[in-house]
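First comes the structure, then the notes that go with it.
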Amino acid sequence: MNFSEVFKQSNQLCRVSPDGKYLATCVQYRLVVRDVNTLQILHLYTCLDQIVHMEWSSDSLFILCAMYKRGLVQVWSLEQPDWYCKIDEGSIGLVSSRWSPDGRHILNTTEFHLRVTVWSLCTKAVSYIKYPKACQKGIDFSRDGCYMALAERRDCRDYVSVFVCDDWHLLRHFETETQDLAGVEWSPNGCVLAVWDSCLEYKVLLYSLDGRLLSTFSAYEWSLGIKSLAWSPSSQFLAIGSYDGKVRILNHITWKKVTEFDHPASINNTKAVVYKEVERKPVVGSADLSIQQHITMGSTLFNTQSKYEICPLPVQVPVVKPDLDRANPKVGVSSMAFSSDNRYLATKNGGFQVQSVTWHCSGDSLILLGKEQLCLCYMEVGEEEEEDDDVK
Amino acid sequence: MGVFMHLCRTTNQILSKSGYRMSSLRQYSQSSVLPLPMTRNPYTMPTISAFCTEDNVSECISYINREVSSLGFPLLCTESNNGPELNLVAVLNNVYNLLQLHRRCLQTVEDIEVEQVKSNSNMDYLQLSNTRLKDQLELSKRENTGLLERERQLQLKVKSLHNCLKNEKEEVQKLQSIIASRATQYNHDMKRKEREFGKLKERLNQLLIDKKDKKQTFEVLNYVGRSDGKRSLWKTGKTEARHEGEMYKTLLNDYDSRHKDLLMENAELKKVLQQMKRDMVTILSPRKPSQSGEKHDDSLEQTSSEEDEVCDSSRESLELSCEHAREQLTNSIRQQWRRLKSHVERLDSQASLVGERANMNAIPKEVHEEEMDRLKLEIQQYKDFIHTQQQLLQQQLNSPCDDETASLLNDCYMQEEKERLKEDWKSFEEKRKNFEAERRNFTEAAIRLSHERKAFEEDRATWLKHQFLNLTPFGDQMKPQMSKSQSALSGWAESEVRPMSTPAKLNKSLSHTAFSTSRASPAKTPSTADLYRTHRLIPEKRYPTHDLDIHNRSKLQSIHIHGR
């Protein structure tokens, strides 16, 4: 494996363009665009303030740079380096900024979530959406980019608005039966919208595209509820990770629980394979446990030669008892990811130091990002022991 | 009898203690006296008239004397000169004493009777009280068991209540923890909201103070085209309708695809069910002939009717998947399944019955099992054997780490072979020695032979010479020598029988000597020619005869020349 030289970046803003040709990095207030293969600098743009958020447009032609303190958004074009676009939100402030799926509209969320302004790069039209909800995931675009679901709250009630991304026409607006809506997510086929409640109540509501309530699901009452949610790529399953450390899978026909997965502290299942990372050089000192399910620190790329060995069952996962007195305790299933071939589900339970879990598009490998380290896990394709239902 | 006597004796003793001897008197009186009419007092004795008569006065007196004296009273009469005289005073005293005695006896009897009555009543009373107490005891025991039972039940209840309490406590704790976590969450959210509220207020203040409102601005060099290249449309009712339409289209597409999938799944499942039913029918039908008569007919009819039904329903179900057809299918499958189940159960029971009745059937089974066990044991043994072999082999291969040991081991393996080789060598050596010895013998023999030949030749030569010379008139001088040579010749002629050397060569040599007149030289040490000749005795093929011939010829010539 070869490594390039080290480049500077700030705020972890490093993005490869969607077409995979360019790499954009932010260094303070500069935006550097490189060619992915040669890493030569193709463009260099300067923004007015330190860039806090950077995003490629979906067609890889534009880059959005947001500076929240100044309330500025600047858009740069790759085709025409001279082209510029500056959006100044003024005194109303800026909290978040993002592209629309067609790559021609920018959605700015103002401070205090007063409203969402939709700026168009094609026309002079500006749209305003009032009362967006400040929650875990208030906006979601459907995968085909046709519809946008927005969570709203007015008069102490939660609503969901469905917009057509074409012209930002409000298609549907309906109230949800949630106490405090925490997020919305479209299913990959764009026909079902999953809406879940805050952690104080375990409730998932499933709405069809036209706003009808299809089903609700609630596993238990009173204890802390849903922490994360993930659709399977075929839209057949909905995985719900909760604070009790379990993942429940619903099927798309009856919206009833198909199976549930637990994350026990001691793994006894004969079908489970536990990989333990054994570091040869005692640099960090501790031998971490790395398992298909439970993920901790990955290996460092440069320093230590670590190898993974298969541990004999039963295996005790080292669990750090988190402080339950704090809000949003570090318990429960915080992130889940389905592999693209619907075969595997990777989940992270507890307070393990993993920032993100992403599958490769072929479904063969998994990348785990920790705060300082990353780890690539390759699935052995030959040894197939699990099916869809029995995924662990 | 002995007991009775003892009893009598004891009663006598008791009575004698008090000084009375009632029983004997009574016995006697009762035995010897006729029954007399009873007076008012039942205890009156019968009159003594029967006891004493005119005749036996003296005997009676003496008897009475005896009795009375035994009782301790003064004698009735004293012995005097005329005969026994009755002392009236004594008699009266005795009578009085006896009356007193009797009264006392009666008194005691009365007392005893009173006592007896008392004791009887006591006993009755005691019995009554005993039964009463027993009843009470019974009652109290029952009460006790009842109380114990109640206590046990109460204890169980207490235990269950404890458990309930524990569960409730746990639940309360859980709920408390939930409440606590919720409370922390609420507090956290409240704080967050308050913070945001505070920020909002600050911003509002700021805005009020600032007055100049920085408006939103949007600067762009030029508007870019849409990503899909089309022009944007105005928002009209038509577009709205279009959007609605599109939305419904996507939904309907999704439903269609799902519907298709479900139909396919349904069809497959139905196929599977049909298959199962057909299999069940086939399984059940061939067995029908083996079953008992009534069931046979009924079931056959049933199955045939079922099959017809089934076929119809299946055809129906393939065409219209209506509720009715589905129900029919499932019902028919359920029926078949039930029948199959009952059939299997019947078979099982039959098999068990057969197994129980006939031992013949059981024995092969046992034998079979024994065989199986034995075979398994054998297999295990063989496996162990193989395993040990493998282990040993492994050891063999792995163990030698030292060179010494390795060499030692190798030597050990080779030892046998080495010894065998040594033995072979020894035998070979011996053989070789033997061969050598034989060869030496042969060489010596050959040398001897050569010497003899030489001698013979010399003799022949001399004989020939003599012959030649004898042709002359001076032959007589040579006669004695001739005889020697003759003898030598004859000796040699005998030896010629031995297949030693080639006769051709000898002839040649003879012919040679015929021309040569020289005498053979005296025997020397065997020359190389001789040795060659002798060597020729052994492997002839080693040395080509032709060369030897020439060689020998030359040698012989030299010899003969020498001899000359």
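If I ask for residues that are at the interface with chain B (Cβ under 9 Å from one of its Cβ atoms) and open to solvent by 30 Å² or more (accessible area, probe 1.4 Å), which ones from the range A:58-71 would you list? Spell out the reasoning first.
Initial filter on the range A:58-71 (at the interface with chain B (Cβ under 9 Å from one of its Cβ atoms)): A:58-59, A:61-62, A:71.
Selection gives A:SER58, A:ASP59, A:LEU61.
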Name the strands (runs of 3 or more DSSP E) wholly within the range A:72-161 that hold at least 3 residues that are more than 8 Å from chain B (Cβ to nearest Cβ)? A:72-77, A:96-99, A:105-109, A:115-120, A:126-130, A:139-141, A:147-154
Checking the condition assigned to a loop (DSSP other than H, G, I, E, B) and among the acidic types (Asp, Glu), which residue from B:ASP228, B:ASP189 passes? B:ASP228
Please work out which one of (1) open to solvent by 100 Å² or more (accessible area, probe 1.4 Å); (2) within 14 Å of chain A (Cβ to nearest Cβ) is the condition B:ASN187 fails and give its number. (1)
Residue pairs, Cβ under 9 Å, 6 or more apart or interchain, first in the range A:9-21 and of a type in the set (A, V, I, L, M), second part of a loop (DSSP other than H, G, I, E, B). List them. A:LEU13/A:ILE51; A:LEU13/A:VAL52; A:VAL16/A:VAL36
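Quick check on this structure: which one of A:ARG30, A:ARG115 is under 27 Å from B:ILE209 (Cα atoms), open to solvent by 20 Å² or more (accessible area, probe 1.4 Å) and of a type in the set (Lys, Arg)? Lay out the reasoning, then the answer.
On the way: A:ARG30 fails: under 27 Å from B:ILE209 (Cα atoms).
When all the criteria are applied, what remains is A:ARG115.
Does the range B:316-358 hold any residues that are assigned to a helix (DSSP H, G or I), more than 21 Å from B:GLN275 (Cβ to Cβ) and modelled with pLDDT under 85, and which are they? First the steps, then the outcome.
Taking the range B:316-358 first, the residues assigned to a helix (DSSP H, G or I) are B:316-319, B:323-357.
After this cut, where a residue has to be more than 21 Å from B:GLN275 (Cβ to Cβ) as well, the list is B:323-324, B:342, B:345-357.
Scanning the range B:316-358 gives B:GLU323, B:HIS324, B:VAL354, B:GLY355, B:GLU356, B:ARG357.
Taking the residues in the range B:336-345 that are touching a residue at least 24 places away in the same chain (Cβ under 8 Å) and open to solvent by less than 80 Å² (accessible area, probe 1.4 Å) as candidates, determine which candidate is farthest from B:ASN266 (Cα to Cα).
Our first condition is that a residue be touching a residue at least 24 places away in the same chain (Cβ under 8 Å); within the range B:336-345, this holds for B:336-337, B:339-340, B:343.
Cutting the leftovers down to open to solvent by less than 80 Å² (accessible area, probe 1.4 Å) gives us B:336, B:339-340, B:343.
Values: B:GLN336: 21, B:ARG339: 25, B:LEU340: 25, B:HIS343: 30 Å.
Filtering the range B:336-345 for residues that are touching a residue at least 24 places away in the same chain (Cβ under 8 Å) and open to solvent by less than 80 Å² (accessible area, probe 1.4 Å), the one farthest from B:ASN266 (Cα to Cα) comes out as B:HIS343.
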When the residues of the range B:204-220 are narrowed to those that are open to solvent by less than 90 Å² (accessible area, probe 1.4 Å) and facing chain A (nearest Cβ under 7 Å), which ends up farthest from the chain's Cα centre (by Cα)? B:ASP213
Any idea which residue in the range A:190-209 is nearest to A:GLU175 (Cα to Cα), counting only those that are touching a Ser or Thr at 6+ places or on another chain (Cβ under 7 Å) and in contact (Cβ under 8 Å) with a residue 60 or more places away in the chain? A:LEU209
Residue list for the range A:323-334, filter: open to solvent by 30 Å² or more (accessible area, probe 1.4 Å) and part of a strand (DSSP E or B): A:SER334
Assuming B:ILE179 fulfils every condition listed in (1) open to solvent by less than 100 Å² (accessible area, probe 1.4 Å); (2) β-branched (Val, Ile, Thr); (3) modelled with pLDDT under 95 apart from one, which condition is it? (1)
Filtered residues of the range A:193-209 (kept if touching a Leu at 6+ places or on another chain (Cβ under 6 Å) and within 12 Å of chain B (Cβ to nearest Cβ)): A:CYS199, A:TYR207, A:SER208, A:LEU209
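On the basis of being modelled with pLDDT of 90 or more, in contact with a Leu (Cβ under 6 Å, 6 or more places away or on another chain) and open to solvent by 20 Å² or more (accessible area, probe 1.4 Å), does A:LEU238 make the cut?
Details: modelled with pLDDT of 90 or more: yes; in contact with a Leu (Cβ under 6 Å, 6 or more places away or on another chain): yes; open to solvent by 20 Å² or more (accessible area, probe 1.4 Å): no.
No.
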In the set B:LYS235, B:LYS260, the lone residue that is facing chain A (nearest Cβ under 10 Å), without any contact (Cβ under 8 Å) to a residue 60 or more places away in the chain and loosely packed, with under 15 Cβ neighbours inside 10 Å is B:LYS235
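Could you please give the count of residues in the range A:210-247 that are within 12 Å of chain B (Cβ to nearest Cβ), touching a Lys or Arg at 6+ places or on another chain (Cβ under 6 Å) and touching a residue at least 60 places away in the same chain (Cβ under 8 Å)?
Keep residues of the range A:210-247 that are within 12 Å of chain B (Cβ to nearest Cβ), which gives A:210-212, A:214, A:220-225, A:234-236, A:243-244.
Keeping just the survivors that are touching a Lys or Arg at 6+ places or on another chain (Cβ under 6 Å) gives A:211, A:243.
Narrowing the set further to residues that are touching a residue at least 60 places away in the same chain (Cβ under 8 Å) leaves A:243.
Residues that pass the stated criteria total 1.
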Condition met for A:VAL32 (more than 14 Å from chain B (Cβ to nearest Cβ) and touching a His at 6+ places or on another chain (Cβ under 9 Å)): yes
So, in the range B:48-81, of the ones that are closer than 20 Å to B:ARG104 by Cα and assigned to a loop (DSSP other than H, G, I, E, B), which residue ends up modelled with the highest pLDDT? B:GLY72
Restricting attention to the range A:162-192, the residues that are away from chain B (no Cβ under 14 Å) and open to solvent by less than 10 Å² (accessible area, probe 1.4 Å) number exactly 3
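The values are calculated or read from the model by the stated rules, or taken from the named source; none is laboratory data. Everything numeric in this text was worked out from a predicted model, so none of it was measured. Reconstructed Cβ throughout: ideal geometry from the backbone, glycine too, with neighbour counts over all protein chains shown. The area values use the complete protein model at the heavy-atom level, side chains included, leaving out ligands, DNA and RNA. Shrake-Rupley method; radii C 1.70, N 1.55, O 1.52, S 1.80 Å.
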